[in-house]
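The values are calculated or read from the model by the stated rules, or taken from the named source; none is laboratory data. It should be emphasised that the depicted structure is a prediction, and the values quoted were computed from it without experimental measurement. Every residue, glycine among them, receives a Cβ derived from its backbone with ideal geometry; neighbour counts consider all protein chains shown. Quick note on the areas: whole protein, heavy atoms, side chains included, nothing else; ligands and nucleic acids left out. Shrake-Rupley method; radii C 1.70, N 1.55, O 1.52, S 1.80 Å.
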Amino acid sequence: SHRVRRFSSEKLFSYIMKESSFKTYVVEDLLGSIPGITSRAMFGGYGIYKDTIFFALIADGELYFKADEKSKSRYEALGSRPFTYRMRGKEMTMGYWLLPEEIMSDPDQLAEWVEQAVAVARAAKNKK
């Protein structure tokens, strides 16, 4: 079973506000200049979309981008790690990698990494 967080209502409110303000920062500030970016609440975090393509997720106040076998080496080279969660006692991954801080702070590189993550997500969606 997945990790169940137990919060007092004050802690829960503070957690939701923190997660929600990070989401606002990501969608409005970080990715605000990129057309078609939207978000949707999902499993305790947020899914980030460009047009209709789900290419990134926010979990525990961290931003992860969709990567594949080819692109994940770029993340590894910058010391990134994959998004993981526990299911039935096993650690699972979904092909999303933590966006490195140096990419977050460079608008030109960020736009290019968004395009790559969107392309990877679109290819995965078309394979289904």
- Among all residue pairs at least 6 apart or on different chains, which show Cβ distances below 7 Å where the first residue, located in the stretch 89-115, is farther than 20 Å from GLY47 by Cα and the second is among the hydrophobic types (A, V, I, L, M, F, W, C) and outside any helix (DSSP H, G or I)? GLU102/LEU78
- Item | Evaluation of ARG3 against (1) modelled with pLDDT under 85; (2) surrounded by 10 or more Cβ atoms within 10 Å (Cβ to Cβ) (one fails), failing number | (2)
- Query: Considering only the stretch 6-34, how many residues are modelled with pLDDT of 85 or more, in a loop (DSSP other than H, G, I, E, B) and either touching a strand residue (DSSP E or B) at 6+ places or on another chain (Cβ under 8 Å) or more than 17 Å from LEU110 (Cβ to Cβ) (or both)?
  - Reply: 2
- Quickly run through the stretch 92-109 and pick out the residues that are more than 16 Å from ALA77 (Cα to Cα) and buried (at least 18 other Cβ atoms within 10 Å of the Cβ). none
- Within the stretch 46-73, tally of residues that are over 18 Å from GLU115 (Cα atoms) and either assigned to a loop (DSSP other than H, G, I, E, B) or open to solvent by less than 10 Å² (accessible area, probe 1.4 Å) (or both): 2
- Task: List every residue pair whose Cβ atoms lie under 8 Å apart, where the two residues are 6 or more positions apart in sequence or sit on different chains, the first residue falls within the stretch 63-79 and is on the phi > 0 side of the Ramachandran plot, and the second residue, located anywhere, is surrounded by 14 or more Cβ atoms within 10 Å (Cβ to Cβ) and in a strand (DSSP E or B).
- Result: none
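Listed here are the residues, each with its yes/no results for (1) modelled with pLDDT of 95 or more; (2) part of a strand (DSSP E or B); (3) touching a Phe, Trp or Tyr at 6+ places or on another chain (Cβ under 7 Å); (4) within 17 Å of GLY32 (Cα to Cα).
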residue	(1), (2), (3), (4)
TYR75	yes, no, yes, no
GLY79	yes, no, no, no
MET92	no, yes, yes, no
GLY95	no, yes, no, no
ASP108	no, no, no, yes
- Item | Neighbours by Cβ (under 6 Å, 6+ apart or cross-chain): first from the stretch 23-51, within 23 Å of ARG86 (Cβ to Cβ); second open to solvent by less than 30 Å² (accessible area, probe 1.4 Å) and outside any strand (DSSP E or B) | none
